[in-house]
Amino acid sequence: MSKELEQAKKYFPGGVNSPVRAFKSVGCEPIFIKSAYGSKVIDVDDNEYIDYVGTWGPAILGHAESSVIEAVRRTALDGLSFGAPTVAETELAELICEAFPVIEKMRFVSSGTEATMSAIRLARGFTNRPYIIKCDGAYHGHGDSLLVSAGSGVATFAIPGCPGIPDSIASNTLVVPFNNLEAVNEVFETHKNKIAAMIVEPVCGNMGVVNPIEGYLQGLRNLCDANGALLIFDEVMTGFRGCYGGVSKISNVKPDLTTLGKVVGGGMPLAVYGGRSEIMSMISPDGPVYQAGTLSGNPIAVAAGIATLKKLKANPTFYMKLLDNSQKLQQGLTKAANDVNLNVVCNRYGAMMTIFFNKEPVTDYETAKKSDTALFARWFKGMLERKIYLAPSQFEAIFISGAHTETDINRTITAAKEVFAML
């Protein structure tokens, strides 16, 4: 055990402050990071890695991007937090509304979990109904109502539920398979006039990347409309990953509420829930649904968010390069595995992807769970030895940033060829 992990375990469960960071599912110790720049992270022993975790998504510009760092530095000189409105909050909101026309009004919070649990509370308050629908294996943060049949870290550790969540709360969450409209319809039929909303990752990221089949998202929209329920798109992961906007823009399917995180704070603690004005008017102080937060819209996170979105917006070729590199990596990894007759499925949405060690297409949580996690662990270790830093779970995503170069992509594919050949 490294001295860093030994010391950390004295104070933190597993020595970490978020479960997947412990590397338990891949059977090795976590590396401790001391710095990052561009597409690289550097550990405490001065080893440099090509990073595809990207602080779990938000580092779309790469680490320590100069305009973001300067915005944070400049803002910090005026104070870290006020617990009061700032003009900058409105500036960031305008940028978000431009990117996400489906968001008419919004509320800033500090994490994706806070955004999703607030959106659920709002949906229940607006409809005066108790039930919500979520997809099997989808992770929407660790709020009690949503940590039922969740993916991501829960899937990694094969935890069927979570102690500490009363049955009375869990029973208000109805679970259906992703990409299965018939199952959603059956739930609506069984619980007529009792379902407040369906929350869905329009492209799943927390059972690994799983894309919706053709017509699925529009089908959800139709079913929610027919049953008087709200449709919530959780775009905490997918926001800005496929375009300057989200899946709602690409699919032309309009949710009633959207949750965002990660990128909109430029890597700092900031998230959003928002949508139709008539629904958001239920939020206090305009309405009776209460939600508050001292650090919501704090000036440092807002400054980082503004700098990030402005950078994305100002460069018309940014997404062209980002998506081109993402496609090259997907094709390169797939070919490298095929060349040695290794069964893999590489699912991609925009600049996020997952390589499943699986013999069949991955279209939902059931098929994702058929992946060979032991083989993934060996792949992970082999790549880490070659200084390629991937998410330590079969059920997470590879994130490509604007800082990744063609050299980074080629080096990653070369490393993958070597490891695949060993497997």
In the set Ser67, Ser35, Ser25, which member is among the polar types (S, T, N, Q) and part of a strand (DSSP E or B)?
Ser35
Starting from region 45-58, take each residue that is closer than 9 Å to Leu390 by Cβ and list its partners that are open to solvent by less than 10 Å² (accessible area, probe 1.4 Å) and of a type in the set (Phe, Trp, Tyr), counting only C-beta distances under 8 angstrom and pairs at least six apart or across chains.
Tyr52/Phe399; Val53/Phe399
Looking at (1) more than 20 Å from the chain's Cα centre (by Cα); (2) open to solvent by 10 Å² or more (accessible area, probe 1.4 Å); (3) at negative phi, can you tell me which one Tyr244 breaks?
(1)
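Please verify whether region 377-384 includes one or more residues that are open to solvent by 20 Å² or more (accessible area, probe 1.4 Å), at negative phi and not in a helix (DSSP H, G or I).
Filtering region 377-384 for residues open to solvent by 20 Å² or more (accessible area, probe 1.4 Å) gives 378, 381, 384.
Retained after the next criterion (residues that are at negative phi): 378, 381, 384.
Of the ones still in play, those that are also not in a helix (DSSP H, G or I) are none.
No, that holds for no residue.
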Filtering region 77-128 down to residues that are in contact with a His (Cβ under 7 Å, 6 or more places away or on another chain) and open to solvent by 70 Å² or more (accessible area, probe 1.4 Å) yields none
Considering (1) open to solvent by 70 Å² or more (accessible area, probe 1.4 Å); (2) touching a residue at least 24 places away in the same chain (Cβ under 8 Å); (3) in contact with a strand residue (DSSP E or B) (Cβ under 7 Å, 6 or more places away or on another chain), say which one Ala36 fails and leave the rest.
(1)
Can you go through Val53, Val44 and tell me which one is among the β-branched types (Val, Ile, Thr) and more than 15 Å from Pro392 (Cβ to Cβ)?
Val44
Answer yes or no: is there a residue in region 338-357 that is in contact (Cβ under 8 Å) with a residue 40 or more places away in the chain and on the phi > 0 side of the Ramachandran plot.
yes
Filter region 249-288 down to the residues that are among the β-branched types (Val, Ile, Thr) and in contact with an Asp or Glu (Cβ under 7 Å, 6 or more places away or on another chain), then identify the one that is nearest to Val102 (Cα to Cα).
Thr258
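Only one of Leu342, Leu384 is of a type in the set (A, V, I, L, M) and touching a Cys at 6+ places or on another chain (Cβ under 9 Å). Can you tell me which?
That would be Leu384, the only listed residue that is of a type in the set (A, V, I, L, M) and touching a Cys at 6+ places or on another chain (Cβ under 9 Å).
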Mind listing just one residue for me: the one in region 44-64 that is out of contact with any helix residue (DSSP H, G or I) (no Cβ under 9 Å at 6 or more places or on another chain) and in a strand (DSSP E or B) and, of those, least open to solvent (accessible area, probe 1.4 Å)?
Asp51
Has region 248-261 got any residue that is modelled with pLDDT under 95 and either among the acidic types (Asp, Glu) or in contact with a strand residue (DSSP E or B) (Cβ under 7 Å, 6 or more places away or on another chain) (or both)?
yes
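This table checks each residue for (1) at pLDDT below 95; (2) more than 20 Å from the chain's Cα centre (by Cα); (3) open to solvent by 20 Å² or more (accessible area, probe 1.4 Å); (4) more than 21 Å from Gly137 (Cα to Cα).
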site	(1), (2), (3), (4)
Ser326	no, no, no, yes
Asn358	no, yes, no, no
Thr363	no, no, yes, no
Ala368	no, no, no, no
Asp372	no, yes, yes, no
Ile400	no, no, no, yes
Among residues of region 274-292 being among the hydroxyl-bearing types (Ser, Thr, Tyr) and part of a loop (DSSP other than H, G, I, E, B), the residue most open to solvent (accessible area, probe 1.4 Å) is Tyr290
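I'd like the full set of residues that are of a type in the set (A, V, I, L, M, F, W, C), closer than 26 Å to Arg129 by Cβ and in contact with a strand residue (DSSP E or B) (Cβ under 9 Å, 6 or more places away or on another chain), limited to region 222-247.
Across region 222-247, the qualifying residues are Leu223, Cys224, Ala229, Leu230, Leu231, Ile232, Phe233, Val236, Val247.
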Would you say Asp167 is open to solvent by 10 Å² or more (accessible area, probe 1.4 Å), charged (D, E, K, R), touching a strand residue (DSSP E or B) at 6+ places or on another chain (Cβ under 8 Å) and at pLDDT below 95?
no
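The values are calculated or read from the model by the stated rules, or taken from the named source; none is laboratory data. For clarity, every value in this text was computed on a predicted model and none was experimentally measured. Because the Cβ atoms are built from the backbone with ideal geometry, glycine has one as well, and the counts that use them run over all protein chains shown. Accessible surface areas use protein heavy atoms only, side chains included; no ligands, DNA or RNA. Shrake-Rupley method; radii C 1.70, N 1.55, O 1.52, S 1.80 Å.
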